[in-house]
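Okay, so here's the structure we're looking at.
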Ligand SMILES: Cc1ncc(COP(=O)(O)O)c(C=O)c1O
């Protein structure tokens with residue numbers, strides 16, 4: 001393989017190795033190269049405690065335990081280890097045991113599932129809700145269950161892989177419109193007029209932290225009679241006056257046909273859900289495979305999630321703190337003249353540019369200095385916009401943000417000048 005370092009994960013999807021149980025030969029050569037190996041050591045680092053703003057990891061870099069300021073977890077509201085949440089989960093473990101031990105339709109539905117699904121449907125102002133064991137499975141399963149061959153899925157090019165995979169499974173024609181570009185969306189809808197069409201967008205785009213242009217999307221979808229599917233993975237419990245998400249923020253919840261949320265980020269647990277009209281949910285219970293053919297979420301998790309939901313919605317204090325922290329953090333980063341792209345949320349990219357080598361050198365230094373801030377490389381983001389991506393948490397103290405900014409200044413700002 002000439003110039004082995006110019007390859008990336010984008011290059012090894014195709015596999016012509018005659019041994020079906022082996023990866024492509026050149027993948028092995030690539031991934032064992034010392035520089036690629038070093039960059040992979042940033043993945044799968046072990047957390048030794050809850051993903052709090054301040055936590056401990058076993059670093060893959062030097063195999064040492066290290067106390068870190070955690071800017072990488074999606075525990076935006078700190079709910080994963082909230083004392084009331086932990087108490088609720090412990091109580092549920094004693095009452096219900098570890099797992100649901102069955103698919104929801106046959107033997108896996110508990111009173112907790114019914115209660116939580118109703119809470120979420122009421123919260124999202126929809127008729128009903130379907131719970132899934134994973135967020136990825138929820139997106140994939142909902143889209144696979146809604147669309148068929150002959151239908152059309154028009155999705156923003158920055159939509160999460162779970163939406164893309166759902167489209168592939170469904171057999172529908174898939175068309176990607178340019179990110180947040182309404183002319184590009186119109187062009188695709190125009191070419192497919194009269195077909196059953198679902199338009200998929202995200203409330204907050206996860207790599208850039210910008211928001212969907214929902215008002216424009218709604219206008220266009222009304223005109224072309226296309227339904228809207230919104231993924232609020234990074235916005236539920238945070239955006240909108242009541243924390244219902246970006247659709248609430250724009251006052252357009254009634255225009256959204258299906259709203260998706262994950263239970264692994266602001267909720268602090270694991271799982272996913274969709275809310276929509278009762279007839280569609282009834283139908284998807286029979287045709288959405290990750291619901292119909294998979295074990296229901298653990299009752300321990302659901303009990304914890306019910307409490308997390310209650311804590312997050314009983315007043316606005318957690319999201320107020322999140323936005324206070326986000327504003328404070330962003331101002332300091334802008335004062336450092338860093339390129340934060342078009343972020344409008346608690347997801348803050350620091351765009352480094354095209355040098356993967358620089359990105360990983362900085363990542364190494366950041367971690368040695370006690371900052372858990374992961375590099376994001378191509379193909380997850382464009383090759384000229386490699387970055388770090390900060391997930392702000394309501395748990396961060398001002399002192400931790402100041403300390404993080406000092407380290408970022410020493411490592412990233414100085415590194416960018418060299
Ligand atoms: C926008 C978006 N949708 C869906 C998912 C999948 O959620 P989960 O990680 O809970 O499976 C993610 C995960 O990162 C995401 O960012």
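Which of the residues spanning region 149-161 are without any contact (Cβ under 8 Å) to a residue 40 or more places away in the chain and under 18 Å from the mean Cα position of the chain (by Cα)?
157, 161
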Selection count where residues are closer than 16 Å to residue 77 by Cα and crowded, with 20+ Cβ neighbours inside 10 Å, scope region 205-248: 12
Residues located in region 111-128, provided they are touching a helix residue (DSSP H, G or I) at 6+ places or on another chain (Cβ under 8 Å) and either within 16 Å of the ligand (Cβ to nearest atom) or assigned to a loop (DSSP other than H, G, I, E, B) (or both): 116, 120, 124, 125, 127
Subset of region 250-289 (residues that are without any contact (Cβ under 8 Å) to a residue 60 or more places away in the chain and crowded, with 20+ Cβ neighbours inside 10 Å): 250, 256
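Conditions (1) more than 23 Å from residue 56 (Cβ to Cβ); (2) outside any strand (DSSP E or B); (3) over 24 Å from the mean Cα position of the chain (by Cα), marked per residue:
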| position | (1), (2), (3) |
| --- | --- |
| 305 | yes, yes, no |
| 352 | yes, no, no |
| 365 | no, yes, yes |
| 384 | yes, yes, no |
| 406 | no, yes, yes |
| 415 | yes, yes, yes |
Complete set of residues in region 162-176 that are buried (at least 24 other Cβ atoms within 10 Å of the Cβ) and free of Cβ contacts under 8 Å to residues at least 24 places away in the same chain: none
Search result, residues across region 181-198 that are closer than 17 Å to residue 164 by Cβ and either in a loop (DSSP other than H, G, I, E, B) or within 16 Å of the ligand (Cβ to nearest atom) (or both): 198
Per-region count, region 309-350, residues assigned to a loop (DSSP other than H, G, I, E, B) and closer than 23 Å to residue 412 by Cβ: 11
Candidates 142, 172, filtered to the one that is more than 23 Å from residue 209 (Cβ to Cβ), in contact with a strand residue (DSSP E or B) (Cβ under 6 Å, 6 or more places away or on another chain), within 16 Å of the ligand (Cβ to nearest atom) and assigned by TED's automatic domain parsing to the domain that holds residue 271: 142
Single condition residue 137 does not satisfy, out of (1) in a strand (DSSP E or B); (2) within 16 Å of the ligand (Cβ to nearest atom); (3) under 26 Å from residue 286 (Cβ atoms): (1)
Flag for residue 92 being assigned to a loop (DSSP other than H, G, I, E, B), buried (at least 21 other Cβ atoms within 10 Å of the Cβ) and away from the ligand (no atom under 16 Å from the Cβ): no
Given (1) within 11 Å of the ligand (Cβ to nearest atom); (2) more than 25 Å from residue 344 (Cβ to Cβ); (3) not in a helix (DSSP H, G or I), index of the condition residue 159 fails: (2)
Hey, residue 327 over 24 Å from residue 235 (Cβ atoms), more than 18 Å from the chain's Cα centre (by Cα) and surrounded by fewer than 23 Cβ atoms within 10 Å (Cβ to Cβ) or not: no
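Inspect region 268-285 for any residue being on the phi > 0 side of the Ramachandran plot and within 12 Å of the ligand (Cβ to nearest atom) and give the result as yes or no.
yes
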Test: residue in region 219-229 that is within 15 Å of residue 124 (Cβ to Cβ) and more than 12 Å from the ligand (Cβ to nearest atom): yes
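Residue-by-condition table, conditions (1) assigned to a helix (DSSP H, G or I); (2) touching a helix residue (DSSP H, G or I) at 6+ places or on another chain (Cβ under 8 Å):
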{"position": "200", "(1), (2)": "no, yes"}
{"position": "215", "(1), (2)": "yes, no"}
{"position": "247", "(1), (2)": "yes, yes"}
{"position": "259", "(1), (2)": "no, yes"}
{"position": "267", "(1), (2)": "no, yes"}
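The values are calculated or read from the model by the stated rules, or taken from the named source; none is laboratory data. Keep in mind that what you see is a predicted model, and the values were worked out from it rather than measured. So basically every Cβ, Gly included, is an ideal-geometry build from the backbone, and we count neighbours across all protein chains shown.
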